[in-house]
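Heads up: the structure comes next, in structure tokens.
The values are calculated or read from the model by the stated rules, or taken from the named source; none is laboratory data. Keep in mind that this is a model prediction, so the values were computed, not measured. No Cβ is skipped: glycine too gets one built from the backbone with ideal geometry, and neighbour counts run over all protein chains shown. SASA here: full protein model, heavy atoms, side chains in, ligands and nucleic acids out. Shrake-Rupley method; radii C 1.70, N 1.55, O 1.52, S 1.80 Å.
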Amino acid sequence: MLILGLNMFHADASAAIVVDGEVKFAIAEERLNRHKHFGGFPSLAVRACLDAVGAHLSDVDHVAVGQDSDANLVKKVQYALSNPAKILNFIRLRKRKEAMRDVRLLLAKGLDIDSGKLRFQEHHLEHHIAHIASAYYCSPWEKAAGFSYDGSGDFVSTMTARCEGSEIQVLDRVFLPHSLGSFYTMICEFIGYTKYGDEGKVMGLAPYGKDTYCHEIERIVAAKNDGLQLDLSYFKPLGSNQGMQVLPDGTVRLARHFSDRMEELFGEPRKPYSEITQRDMDLAFAMQHRFEQIFFHLLNGLHARVPLDNLAMAGGCALNSVANGKLFDNTPFRKTYIQPAAGDEGLAIGAALHTYHSVLKQPRRHELRNSYLGPEFSDSRIQSALQSAGLEGRKLDRNALLEATAQQIAAGNVVGWFQGRMEWGPRALGNRSIVAHPGLPNMKDVLNARIKHREWFRPFAPSILADHQHEYFEHDHPSPFMLHVYKIRPEKRQALCAVNHVDDTGRLQTVTREENLLYYDLISAFHRKTGIPVILNTSFNENEPIVCTPEEAVDCFTRTRMDVLVIGPFIVQKAI
Ligand SMILES: [Fe+2]
């Protein structure tokens with residue numbers, strides 16, 4: 001049975017293909033059309049999914065979309081009526097959404113085939129159920145508490161659920177405008193981070209701040225018995241676009257979230273790219289602190305209703321790896337499964353798996369243990385990409401390649417590492433990564449100056465052999481998708497100085513043989529040479545979506561000051 005999952009006309013448009021209950025391939029459209037966070041129709045992603053399993057669109061039995069414009073309609077209408085200025089906007093958006101609901105026509109047009117040939121059944125699933133489904137159905141568990149939170153989706157910002165067998169039973173929703181994600185976005189915007197997806201950057205800024213504004217920021221969002229409540233005087237009305245707009249070319253734009261009240265309390269908002277002041281850092285600190293408090297409150301409330309060890313979680317806010325790393329100390333949950341594509345691209349697999357299990361009543365059978373769901377490329381394609389760029393790669397066998405790469409990393413060189421299938425989700429996890437020595441004091445500056453050009457305050461992440469996690473980190477819960485931040489043990493901070501953040505933490509990826517054998521063996525080879533079972537891992541890109549094809553990797557290598565490219569079996573050293 002073939003099920004195609006879609007996230008479309010929403011940020012991070014994507015597609016996934018599920019064959020007999022197993023996710024075989026999944027990809028965000030941005031990786032193919034190179035338009036970051038693309039929010040249009042994912043026609044390239046759909047084509048890639050079908051090609052990967054050798055199917056045609058006419059073979060597809062079900063198409064599932066992680067969005068349902070009819071969900072929570074009463075709440076939407078109530079909100080529009082209480083904000084009369086927004087009613088016209090509301091009607092316009094409803095009409096646009098209606099046009100987007102004709103999935104058959106959209107797919108036929110996107111793939112240029114006759115819609116009469118399509119026989120699939122169509123399913124629309126509420127945004128947050130799709131998020132929870134994306135985590136729970138990929139987890140190894142038969143029972144779990146389900147949690148999803150983000151800015152907004154189908155007029156909801158937070159959902160809790162009881163997950164058991166094939167069923168997801170929704171317990172509670174927090175409706176807009178109340179949203180922990182919007183709270184975070186609003187303050188990010190106020191301190192000059194105004195683009196969709198900037199929240200992750202500001203999370204790295206927060207530990208540079210002090211608790212100066214914690215008391216003031218606390219007032220903006222309150223913990224309630226049934227969830228959370230914003231003080232709306234700090235916010236501009238979100239409108240029926242729920243604070244986010246997708247332009248006709250697929251660009252995702254955020255509306256201004258903060259009201260004049262923020263300015264009265266904290267002064268002028270920071271202009272993007274201007275100097276970051278202590279005030280901005282202190283606001284970031286207070287924001288992250290309050291976010292965590294409310295997050296733990298919500299999880300503790302969920303645990304009271306679903307008293308299990310297991311938490312299956314997704315939604316854009318679930319990418320807050322700092323909060324994730326602290327949840328074991330602040331809630332009774334003992335195990336997490338956080339979907340690697342916790343943001344909205346993950347809706348595609350959530351909708352597809354929900355159709356398989358909940359709608360079609362098929363038993364659970366699939367655990368998603370790694371994130372390598374994207375395309376891979378043959379050695380001959382890689383070789384021709386190198387040749388086209390005038391590069392000559394030395395072809396090595398597996399052991400020689402690992403030894404040579406580990407040697408380069410140990411010598412302090414910056415290595416582009418392109419292997420196997422591309423990762424699903426926003427993190428590079430050892431197949432489309434730039435890797436480097438984690439213990440060289442200048443490595444962060446080198447990476448930023450030569451390749452990444454990131455904000456000075458953003459940390460780089462460590463990949464660690466899972467068997468050594470307890471020696472280096474204060475927590476031993478695994479973090480296979482780089483979605484937890486833990487304290488680094490004091491005696492190891494020097495050895496990991498290039499990945500040790502200002503608060504002595506690291507957003508680690510734990511690597512096992514089962515999840516990625518080649519990457520595991522690379523870290524092992526580096527370990528043998530240096531005594532450190534860790535390498536620095538950052539995404540293979542330069543202010544663009546992560547590279548997908550060999551040509552993009554070669555292009556990124558040639559245009560930046562990366563020292564070495566290891567791509568498939570080939571190693572290329574840049575001529576100096
Ligand atoms: Fe979402």
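Report yes if Val74 is over 16 Å from Leu125 (Cβ atoms) and either modelled with pLDDT under 95 or part of a strand (DSSP E or B) (or both), otherwise no.
So Val74 passes the test.
Okay, residues lined up against (1) without any contact (Cβ under 8 Å) to a residue 40 or more places away in the chain; (2) more than 16 Å from the ligand (Cβ to nearest atom); (3) over 29 Å from Gln67 (Cα atoms); (4) open to solvent by less than 10 Å² (accessible area, probe 1.4 Å):
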| residue | (1), (2), (3), (4) |
| --- | --- |
| Ser321 | no, yes, no, yes |
| Pro332 | yes, yes, yes, no |
| Val359 | no, yes, no, no |
| Gly374 | no, yes, no, yes |
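All but one of (1) open to solvent by 10 Å² or more (accessible area, probe 1.4 Å); (2) closer than 30 Å to Glu216 by Cβ hold for Ala286; state the number of the condition that does not hold.
For Ala286, the failing item is (1).
Just need a number here: residues in region 202-245 that are farther than 20 Å from Pro269 by Cα and part of a loop (DSSP other than H, G, I, E, B).
So the answer is 6.
Being modelled with pLDDT of 95 or more and touching a Ser or Thr at 6+ places or on another chain (Cβ under 6 Å), is that true of even one residue in region 276-291?
Yes, the conditions are met somewhere in region 276-291.
Before we move on, is Pro363 free of Cβ contacts under 8 Å to residues at least 40 places away in the same chain, part of a loop (DSSP other than H, G, I, E, B), surrounded by fewer than 19 Cβ atoms within 10 Å (Cβ to Cβ) and not hydrophobic (A, V, I, L, M, F, W, C)?
Judged against the criteria, Pro363 is not a match.
I need the full set of residues from region 116-142 which are open to solvent by 40 Å² or more (accessible area, probe 1.4 Å) and out of contact with any Gly (no Cβ under 8 Å at 6 or more places or on another chain), in order please.
Gly116, Lys117, Arg119, Gln121, Glu122, His124, Pro140
Can you pull out the strands (runs of 3 or more DSSP E) entirely within region 118-201 that have at least 1 residues that are acidic (Asp, Glu) and within 14 Å of the ligand (Cβ to nearest atom)?
Ranges flagged: 143-153.
Only one of Arg394, Arg427 is open to solvent by 40 Å² or more (accessible area, probe 1.4 Å) and under 28 Å from Ala284 (Cα atoms); which?
The conditions single out Arg427.
Those residues that are out of contact with any strand residue (DSSP E or B) (no Cβ under 7 Å at 6 or more places or on another chain) and under 22 Å from Ala342 (Cβ atoms), I need them from region 485-519; list them, please.
Once the filter is applied, which keeps residues that are out of contact with any strand residue (DSSP E or B) (no Cβ under 7 Å at 6 or more places or on another chain) and under 22 Å from Ala342 (Cβ atoms), region 485-519 yields His501, Thr512, Glu514, Glu515, Asn516.
Would region 496-505 turn up any residue that is β-branched (Val, Ile, Thr) and over 30 Å from His289 (Cβ atoms)?
Checked against the condition, which is being β-branched (Val, Ile, Thr) and over 30 Å from His289 (Cβ atoms), region 496-505 yields no hits at all.
Would you mention how many residues in region 455-470 are under 20 Å from Leu440 (Cα atoms) and free of Cβ contacts under 8 Å to residues at least 40 places away in the same chain?
1
May I ask you to verify whether Arg454 is surrounded by fewer than 19 Cβ atoms within 10 Å (Cβ to Cβ) and either out of contact with any strand residue (DSSP E or B) (no Cβ under 7 Å at 6 or more places or on another chain) or under 22 Å from Ser539 (Cα atoms) (or both)?
Answer is yes for this residue.
Is it true that Glu345 is more than 16 Å from the ligand (Cβ to nearest atom), touching a residue at least 12 places away in the same chain (Cβ under 8 Å) and either open to solvent by 10 Å² or more (accessible area, probe 1.4 Å) or not in a helix (DSSP H, G or I) (or both)?
No, not satisfied.
Looking at the structure I just gave you, is Pro533 farther than 30 Å from Asp12 by Cα, of a type outside the set (S, T, N, Q), more than 23 Å from the chain's Cα centre (by Cα) and open to solvent by 10 Å² or more (accessible area, probe 1.4 Å)?
No: the conditions fail for Pro533.
I'm trying to understand the selection: among the residues of region 139-179, which are closer than 28 Å to Phe9 by Cβ and aromatic (Phe, Trp, Tyr)?
Matches in region 139-179: Phe147, Tyr149, Phe155, Phe175.
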